[in-house]
Amino acid sequence: MPHYDLNGRVVAITGATGGLGSILAHKLLARGARLALFDLDEAATNRLAQSLAGEQRAKAWRADVRSYQDLQSAMDSAAAHFGRIDVVIANAGIDEVSPMATMPPAAFDRVIDINLNGVWRTLKAGLPHVARQHGYLMAISSMAAFVHSPLQAHYTASKAGVWAMCDSIRLEVKHLGVGVGSAHPTFFHTPMMDQVHADAAGVKLWGGNKGGLWRMISRDQVADGVIRGIERRSDMIVLPAQNTLVAKAPGLFRKMAETLGFKSTDIVEAIALAEKKIRRA
């Protein structure tokens, strides 16, 4: 497989200040890439860019993935600044642990809008620039696209949707010389996971992610895997690699994972804990 050299290429990243976005920025810079950093928190994004390099190597833009106009403006500005955009990484995402029975519809809509619609907006805004370079579009999905946890209908639906969306878009842009990939890491440490571990329902479901099926891997492992996927212009990146069979045969292994991973009593208790949290709010 030909190596897609990142040296000198311009990579745009949404959710740039998050746990994965920031480590991707550092590692991509080390490979010689130039970085267009997009995030809702303008001050934090500016600090990240300034900590990395001068404006010719890394520059920040405020962009809300819930607004196509925001993303289009940021992409156009970044392309004007650097002269091109070669790679787009749609990385922004959120989660919460909540059962359907008590989750407010607005909260469900927000997760879908950021995690799924936001990816579509990001890739759409970046496509004209990436197409000119015969570049690559990457969306950060999750193993949750294939293994569907209770109290996570919003999150699993969004991540499965990202996977399906990338498969569809890949067919649409192949003739443009553009590659499309989705990354599917298991649990890894981020501020979002800190919130899960601070939630009694999340701890009950995944046991604090200390071992077994739900053991966390390192951010370095995820970031290195994502970058290898870009350099190979992969269709799918599964992290760790031993989860590939599960990812490629979700219909066969989903029931097994559910049976081994979740006790009915734990699910009921997690729902009760989540409902208790809502009542206190």
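Laboratory data are not the source of any read-out in this text; all were calculated from the coordinates shown. Given the structure is predicted, the values throughout are model-derived calculations rather than measurements. Methodologically, a virtual Cβ is constructed for each residue, glycine included, from the backbone with ideal geometry; neighbour enumeration extends over all protein chains shown.
Quick look at the values:
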| item | result |
| --- | --- |
| Between segment 52-104 and segment 9-41, the alpha-carbon center distance in angstrom | 10 |
| Net charge of Cβ neighbours under 12 Å - reference Pro2; Lys, Arg +1; Asp, Glu -1 | 0 |
| Segment 13-137: relative contact order in percent, alpha carbon pairs under 8 Å with at least 6 residues between | 26 |
| Label-point separation, Leu245 to His197 (7 Å along Cα→Cβ), nm | 3.0 |
| Qualifying lysines (Cα of each under 21 Å from Cα of Lys204; at least 8 residues distant if same chain) | Lys255, Lys263, Lys276, Lys277 |
| Theoretical FRET efficiency, 1/(1+(r/R0)^6), r = Cβ-Cβ of Asp224 and Glu275, R0 41 Å, to 0.05 | 0.55 |
| Loop-located trypsin sites (Lys or Arg not before Pro) in segment 171-224, at most 11 other Cβ atoms within 10 Å (DSSP) | Lys210 |
| Modelled FRET efficiency - R0 35 Å, Ser77 with Val268, Cβ distances, 0.05 increments | 0.10 |
| Under 19 Å from the Cα of Lys248 - aspartates and glutamates, other chains or at least 8 residues apart | Asp167, Asp235, Glu258 |
| Inter-label distance, nm, simple model (7 Å from Cα along the C-beta direction), Thr259/Gln50 | 5.7 |
| Among Cys166, Gln50, Ala257 the positive-end extreme of the charge dipole of the chain (Cβ point charges) | Ala257 |
| Highest average packing first - 45-51, 260-266, 227-233, Cβ atoms within 10 Å | 227-233, 45-51, 260-266 |
| Sequence ranges 126-132, 180-186, 77-83, ranked by mean other-Cβ count within 10 angstrom, highest first | 180-186, 126-132, 77-83 |
| Contact order normalised by residue count of segment 10-280, Cα under 8 Å, 6+ apart, percent | 18 |
| Relative contact order, percent, segment 136-217 [alpha-carbon distance under 8 Å, six or more residues apart] | 31 |
